[in-house]
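**Student:** One structure, as structure tokens, below. Some questions next.
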Amino acid sequence: MILLDVDGVLTDGTIAYHSDDEVIVNFNVKDGLGIKLAQAGGIPVGIISGRSSKALQRRVEELGIDIFYQAQHDKLETYEQIKQIHAIDDDQVLYIGDDLNDLKILQKVGFKVSVQDGCNEIKEIADYVTEKPGGKGAVREVVELGLKSQGMWEQLMSSL
């Protein structure tokens, strides 16, 4: 299973407010295709976000992500619930994070990933630090590397 933080991972961390107080965030289409490829390869993808956003809700629906938790102030508790619901162990989880609120989960999961512009504390414990920054294709980078290492990339490319 791949679990993702949102702000700073699926986005570049920038938050803009529209005049009607609506939050505007940008998502990278390459990350979206990476998520769809992981799903096509049989890898469940989930999101644990500390903030709540209508834009995120819409993006999750577009991508068909079923494991979705927003406004989670205790991400570790949410992570433990996900493991229990899906009957998985820590070593079956890859988590991509960027900041201190991801640290407790990253200390538990089987494969720890920091985006290139993640904070030092996250990068220091990461098994892999992406070449791309958050919101700029980092998720796609990780998915592509994983699918290639498992020999699934060519098969998925032929099905597109």
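**Student:** Out of GLN84, GLY13, ILE43, whose Cα points farthest toward the positive end of the dipole of the chain (charges: +1 Lys, Arg; -1 Asp, Glu; placed on Cβ)?
**Tutor:** Working it through, the farthest residue towards the positive pole turns out to be ILE43.
**Student:** Considering the zone a paramagnetic label at LYS104 would reach in this model (a point 7 Å from Cα along the Cα-to-Cβ line), which residues of segment 40-62 have amide N under 14 Å from it?
**Tutor:** 49-50
**Student:** A further question on this structure: Skipping prolines and chain starts, which residues have an amide H placed within reach, meaning under 5 Å, of the one on LEU3, given they are 5 or more residues away or on another chain?
**Tutor:** The list, which skips near neighbours in sequence, is GLY46, LEU94, TYR95, ILE96.
**Student:** Could you tell me the extents of the chain's C-alpha atoms along the three principal axes, largest first, rounded to whole Å?
**Tutor:** The principal-axis extents, from largest down, are 47, 34, 31 Å.
**Student:** Where nothing but the Cβ of Lys and Arg (+1) and of Asp and Glu (-1) is charged, how large is the charge dipole of the chain around its Cα centre, in debye to the nearest 20?
**Tutor:** 360 debye
**Student:** Given the convex hull over the Cα atoms of segment 69-160, what projected area results after averaging over all orientations, in nm²?
**Tutor:** Its average projected convex-hull area is 6.9 nm².
**Student:** Now for a different question. Can you give the extra length, in nm with one decimal, that the chain gains between LEU156 and THR14 once fully stretched, where that is 0.36 nm per residue apart less the Cα-Cα distance?
**Tutor:** So the extension gain works out to 47.9 nm.
Taken together, the values in this text are just the output of simple stated rules run on the coordinates, not laboratory data. In this text, all values refer to a predicted model and were calculated from it rather than measured experimentally. So basically every Cβ, Gly included, is an ideal-geometry build from the backbone, and we count neighbours across all protein chains shown.
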